[in-house]
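The values are calculated or read from the model by the stated rules, or taken from the named source; none is laboratory data. Owing to the predicted nature of the structure, the values given are computational and were not obtained by experimental measurement. Don't worry about glycine lacking a Cβ; one is built from the backbone with ideal geometry, like all the others, and counts go over all protein chains shown. What goes into the accessible areas is simple: the full protein's heavy atoms, side chains included, and nothing from ligands, DNA or RNA. Shrake-Rupley method; radii C 1.70, N 1.55, O 1.52, S 1.80 Å.
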Amino acid sequence: MWAELLPVGRSAASGGYRRFAWNAADAECRAWFEQQARDRGLGYELDRNGNQWAWLGDPAAGGAVVTGSHLDSVPDGGAFDGPLGVVSSFAALDELRARGAQFGRPLAIVNFGDEEGARFGVACIGSRLTAGVLSREAAYELRDADGVRLPDAMERAGQDPTAIGADDERLARIGAFVELHVEQGRHLAEDQPVGVASAIWPHGRWRFDFRGEANHAGTTRIEDRRDPMLTYATTVLAARKKARLAGALATFGKVAVEPNGTNAIASLVRGWLDSRAADEATLTALVEEIGRTAAERGERDGVRVELTRESYTPVVDFDGPLRDRLARVIGAKGGLGSAPVLPTGAGHDAGILASAVPTAMLFVRNPSGVSHSPAEHAETADCLAGVAALADVLEDLACQ
């Protein structure tokens, strides 16, 4: 399975992946998922929001144990973020069948659409729509860098955009959701290849619009300039410093410039801030401070600064009893007593669903801690340990 997915959407230039929502690589990944489901005799279903489901047992029976993740990527992302969870889910089912496990509850494997938000700027669109966190009206307003609207992209890919929206009936069928994911840090110890998530830091995305005045780079005096690039640069540096002092994270990872000419002073610099913190109060205060600094610098530079929050996810504490149960199951199998429990600053579909269903996450060790990069990596032995741990957890939750 892993070998089949590796070439899909991979850039020959960077070695990273460009599997964006509703593009050709996404369609190929979706076809792969459907084939995996059918090869195993599972019931295949595409829901109203474009999420894919593979069912063992009757979905209508309720109390289903669901596992899975996503197959899309950030621009030039790594091979493991998302796909490891989906591949491991199918492999764990294969392992349970090999054990002769008898299922007492329905089991489903899911591929959530557009988790990374690389194309339309909002993360976890598939799960947000399902949970009612993102409204149909708001989704219809989303556009990619080329101005293509989300519903139009869905329609071109064969998905009916008129049906998107909250799916309470589907959520009511789920008794527990467990997502396996590559760890996006280096917190797991050398002798602990698999851990359990305790919580997800609150996080969000904010757009800063720095509006100045376009002019000639070679003839405009320094004192006559209204250069938004200067305000933007100052804001980037301030964000890093303020985040460090607050024990939080702040990253400007995307920028757009108009008119984007080498010999032209920009009229507009648009920068996107990703910020995360251990608690919501710290995060709110941090973003407010960054915004205040940008506005103050903008006054000096003759630049107008506009700040817009594009998405926000509050702190997620995973279901305590489910989290502890998973830690005991994995720890008992590994002779550790209990698996390590650790928080994460990365957002996931599991975090979106946590308000509606009991949810938990497993992390597979990442030796370098690098993620959202072609250098992202997990050792094969650790991935196999993750499959075994997921199979043990699913057996405990879904089998008689």
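Conditions (1) assigned to a strand (DSSP E or B); (2) over 15 Å from residue 90 (Cα atoms), marked per residue:
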position	(1), (2)
3	no, no
13	no, yes
25	no, yes
30	no, no
36	no, no
49	no, yes
53	yes, no
67	yes, no
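Look through the range 148-157, keep the residues that are surrounded by fewer than 19 Cβ atoms within 10 Å (Cβ to Cβ) and either at pLDDT below 95 or in contact with a helix residue (DSSP H, G or I) (Cβ under 8 Å, 6 or more places away or on another chain) (or both), and return whichever of them is farthest from residue 27 (Cα to Cα). Let's see the steps before the verdict.
In the first step, residues of the range 148-157 are kept if they are surrounded by fewer than 19 Cβ atoms within 10 Å (Cβ to Cβ); the result is 148-149, 151-152, 155-157.
Next, only the ones that are either at pLDDT below 95 or in contact with a helix residue (DSSP H, G or I) (Cβ under 8 Å, 6 or more places away or on another chain) (or both) stay: 149, 151-152, 155, 157.
Values: 149: 18, 151: 16, 152: 15, 155: 13, 157: 8 Å.
Per the stated criteria, the residue is 149.
Looking only at the range 222-258, count how many residues are assigned to a strand (DSSP E or B) and closer than 23 Å to residue 279 by Cα. So the answer is 5. Is it fair to say residue 274 is touching a His at 6+ places or on another chain (Cβ under 8 Å) and either among the charged types (D, E, K, R) or without any contact (Cβ under 8 Å) to a residue 24 or more places away in the chain (or both)? Taking the combined requirement at face value, the residue satisfies it.
Could you list, in sequence order, the residues of the range 25-49 that are loosely packed, with under 13 Cβ neighbours inside 10 Å and not acidic (Asp, Glu)?
Let us first name the residues in the range 25-49 that are loosely packed, with under 13 Cβ neighbours inside 10 Å, namely 31, 35, 38-39, 41.
The answer is 31, 35, 38, 41.
Is there a residue in the range 27-36 that is aliphatic (A, V, I, L, M) and closer than 25 Å to residue 151 by Cβ? Yes, because at least one residue in the range 27-36 is aliphatic (A, V, I, L, M) and closer than 25 Å to residue 151 by Cβ.
Residues that are open to solvent by 40 Å² or more (accessible area, probe 1.4 Å) and without any contact (Cβ under 8 Å) to a residue 40 or more places away in the chain occur in the range 177-193; there is at least one. Where helices (runs of 4 or more DSSP H) fall entirely within the range 305-400, those with at least 3 residues that are under 30 Å from residue 142 (Cα atoms) are at 349-353.
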